[in-house]
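Below: one structure, written as structure tokens.
The values are calculated or read from the model by the stated rules, or taken from the named source; none is laboratory data. Just so you know, these numbers come straight off a predicted model, no measurement behind them. Here the Cβ is made from the backbone with ideal geometry for all residues, glycine too, and neighbour counts use every protein chain on show. All accessible areas refer to the heavy atoms of the entire protein, side chains included, with ligands and DNA or RNA removed. Shrake-Rupley method; radii C 1.70, N 1.55, O 1.52, S 1.80 Å.
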Amino acid sequence: MTDPSLDALFSPRSIAVVGASATPTKIGGVPIDLLLRCGYAGRIVPINPKATEIQGLPAYPSLRAVGEPVDLAVFAIPEALVPAAIDDAIAAGTKAVVLFSAGYAEVGPEGEAAQTRLAAQARAGGLRLIGPNCLGVMNVREHVYATFSPAPGIGRARPGSIGLVSQSGAFGAYAYSLARERGIGLSVWASTGNEVDVQVADVIEWMAHDPNTRVIMAYIEGCRDGDRLRRALASAHAAKKPVVVVKVGRTALGAQAARSHTASLAGDDAVYDALFRQYGVYRARDIQEFFDVAHGAAVAGLPRNDRIALFTLSGGVGAFMADEAASVGLDVAETSADAQRQILEWVPFAAPRNPIDITGQVSNDRSLIDRATRVVLEGGDYGAWLGFMAAAGAGDGFWPVLEQLAIGLRRDHPDTFLAISTLLDDARRDRLAELGVLTFAEPSAGVRTIGALARIGAGFGRPVPPAAGDTAAPSVVLAPGALDEPASLAMLAAHGIAAVDARVARDADAAAAIAAAAPAGARFAVKVVSPDILHKTDVGGVRLGVTADDAAAAFDAVTGAARRALPAARIDGALLAPMVAGGVECILGARDDPVFGPVVMFGLGGALVEVLHDVSIRVAPLTCEDAVAMVREVRAFPLLDGARGRPKCDLDALADALLALSRLAMAARGTLDSIDVNPFVAFAKGAGPGGVSALALDAVVIGRGAGLEP
């Protein structure tokens, strides 16, 4: 069921235009003109105190003067008139408002203050509001055009099953026009602007429950409420509706531009990537892919697996498609022996393995296309089939063959994703789309699209984490500032992350006693203990490989060096930790993102993290599948998995540690700044000290609000 409070926005039975104009090309005239020309069936109510009739409709001086509530009011008025108009809408019982007006947070502090007042005013009156600084909404199926965009006036997009929401009005209008030009059918369209109330997340949530929307497209510049977006994506995932996103702000420059455009917080782009991965959202790299993937899902659905049969009339193009398939993670699995034998009986010089090259022999026997395709699909579990037919679709003689091929395959293989690459006019492309067959002029675009759709389909088979708002309240309260290393290690151990058995010495004699009590020959890492010093090596606060005889001198050395480097730092002694040999050094981390809350990071230690940035990230709380995927997706994963004769690390222990770190970060949400566990050593199963498989050797936990010396 859709949100009733937003039904008035997207499916209104009556629409008023405040600031209505008799001139159809003016901002206050465009919505009325579109509603009249496009056949909106509900009541249209112009509001203008200076007119009694506008564009052939009775006009009213105010919303209250109408005498009965309207579902949706479109405000095409200057910012200075908005507060009074909002009061009028609330008093008249209006349910929702589209606010075109600009001059709010996007222009600076004064506008931001006005936007804050606007939000409070609408919220107090129970009024749902989209905007300000937005282009409006459309429901193509119901002929609702609450927008001043000229795009639908130039030509309307056809009704369909794709919902499109954009934070940018200009991009939204461009996307609407692209959909129209490409013959892509839309259900609803929305531009959210500054998002004083209704956000992209709310529109996605509404679309997730809208029976007329099967695929969701979203253009996102930033997000203020991470939990809200997560709940929306979880709803789309539960409804098995593909979500395809263009998210700008990959670079620092892009993020800055996004903030200045719609006053939204772009946040850390890597966190958005992690969020999309967790909820099965496909992030398109460019606008063409944005539309290809969404349109593909709407026309042909999703492949049931990642195995693809590639059919071609050209061996060279077949190899090209196979290379592309490998690059996007599709399995070009070899055809069955029976299928190969049968194809070679028909065409002895064919290439039957996959890609299946039936050669130009089809010019003599066009039935070969259907026969070869069927024997391949019937003999193998292929989730998708893509046929390259060169320019055959442009010729009248070959078209009936392709049409009958599509009809027969769709009938006999209803659960197989079908696509054809050839040259087609619009009418023939539409005909194949009616049959559920996707078409491409360029074969590599087809392969990339199928790869993306296979990823989306696989995502629906994985569980998603609950939105943070659905989890328990925080139970760990951190004070501002850093915990020292012993306290940080103790906190990790208390929350299920094995930590090295380290002892704290308050003076040199205590250091010598701790070392003397250890097994003969033991060596230690001696490190200064101070909550004010995060990077101990930088101040000379670390000695490695220290023997029992040298422990007292090492204590004096690390504490003395730290005092000389940072005279104001608190020095609480030195930590003695037994040196640990073997294993693979990793790094675990968590931080509290300003938008999405706790996020968890994994990588391999040393230069792999610091230079190559070879890390994986997820938004907490993690699922077991998330933790396993984080370990496996770093580029250096083979070092953990036994590459070049190394012992194979206990991957389950690594995943368990990430899950424990996720739970700790969630428990401290709101008071956590960051947790850094580096190094964290992974061993073969049971091969670490005391039989552990993974061990934290150093850690620092920082509470929010700290003002720390570097």
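Can you give me the distance in nm between label points at Gln361 and Lys240, each placed 7 Å from the Cα along the Cα-to-Cβ direction?
3.9
I'd like the FRET efficiency for Glu403 and Arg182, computed as 1/(1 + (r/R0)^6) with the beta carbon distance as r and R0 of 22 Å, rounded to 0.05.
Values: r = 21 Å, r/R0 = 0.95.
Efficiency, rounded to the nearest 0.05: 0.60.
Fully extended, how many nm does the chain gain between Arg523 and Asp331 (0.36 nm per residue separation, minus their Cα-Cα distance)?
Values: separation 192, 0.36 × 192 = 69.12 nm, distance 5.11 nm.
In short, 64.0 nm is gained.
Where in region 355-392 does the label zone of Leu344 land, with the point 7 angstrom along Cα→C-beta and an amide N cut-off under 20 Å?
Inside the label zone: 355-362, 368-369, 371-380.
Share of the chain's accessible area from carbon and sulfur, percent, 1.4 Å?
Answer for the chain: carbon and sulfur cover 54 percent of the accessible area.
Which parts of region 27-59 would a label at Ala80 reach, counting a residue when its backbone N lies under 18 Å from a point 7 Å out along Cα-to-Cβ?
49-50
Given the Cα-Cα distance of Asp549 and Ala391 and 0.36 nm per residue of separation, how much length would full extension add, in nm? Write out the running numbers ahead of the final one.
Values: separation 158, 0.36 × 158 = 56.88 nm, distance 8.30 nm.
Additional length available on full extension: 48.6 nm.
For region 290-358, what is the largest minus smallest coordinate of the Cα atoms on each principal axis, given in angstrom and ordered from greatest to least?
On the principal axes, region 290-358 reaches 41, 23, 20 Å in Cα extent.
At 7 Å along Cα-to-Cβ for each site, give me the label-to-label distance between Asp538 and Asp415 in nm.
5.8
Treating the chain as a set of equal point scatterers at the Cα positions, no solvent, please give the Debye-formula log₁₀ I(q)/I(0) at q = 0.08, 0.10, 0.11 Å⁻¹.
-0.78, -1.02, -1.12
In degrees between 0 and 90, to the nearest 10, how far off the longest principal axis of the chain does helix 485-494 point, with axes built from Cα atoms?
Compared with the principal axis, the helix lies near 60 degrees.
Please report the relative contact order for region 494-628, taking Cα pairs under 8 Å with a sequence separation of at least 6, and give it as a percent rounded to a whole number. Mind showing how you got there, number by number?
Values: 223 pairs, mean separation 31.1, N = 135.
Contact order relative to length: 23 percent.
Return one number: the angle in degrees, 0 to 90 and rounded to the nearest 10, between the long axis of the Cα atoms of helix 399-412 and the longest principal axis of the Cα atoms of the chain.
For helix 399-412, the angle is close to 60 degrees.
At 222 nm, what helix-only mean residue ellipticity would the chain give, in deg cm²/dmol to the nearest 500, using -39500 (n - 2.57) for each DSSP H run of four or more?
Working: 24 runs with 263 residues, N = 710.
Value at 222 nm, helices only, nearest 500: -11000 deg cm²/dmol.
Accessible area, 1.4 Å probe, largest first: how do Ser177, Ser168 sort?
Working: Ser177 25, Ser168 5 Å².
Most to least solvent-accessible, the answer reads Ser177, Ser168.
Between Asp269 and Ala119, how many nm apart are label points set 7 Å from Cα along the C-beta direction?
2.6
Please check which bits of region 138-172 a label hung off Ile287 would reach, taking the label as a point 7 Å along Cα-to-C-beta and the cut-off as backbone N under 17 Å.
149-152, 154-155, 157, 164-172
Roughly how many Å² of Glu106 are accessible to a 1.4 Å probe, to the nearest 10?
40
Angle, helix 200-209 long axis vs. longest principal axis of the chain, Cα atoms, 0 to 90°, nearest 10?
With rounding to tens, the tilt is 60 degrees.
Going Cα to Cα from Lys536, which lysines come in below 19 Å? Please leave out same-chain ones fewer than 8 positions away.
Lys527
About the Cα centre, and with charges only on the beta carbon of Lys, Arg (+1) and Asp, Glu (-1), how big is the dipole of the chain? Nearest 20 debye, please. Each step should come with its number before you reach the end.
Working: 63 positive and 77 negative charges, 173 e Å.
So the dipole magnitude of the chain works out to roughly 840 debye.
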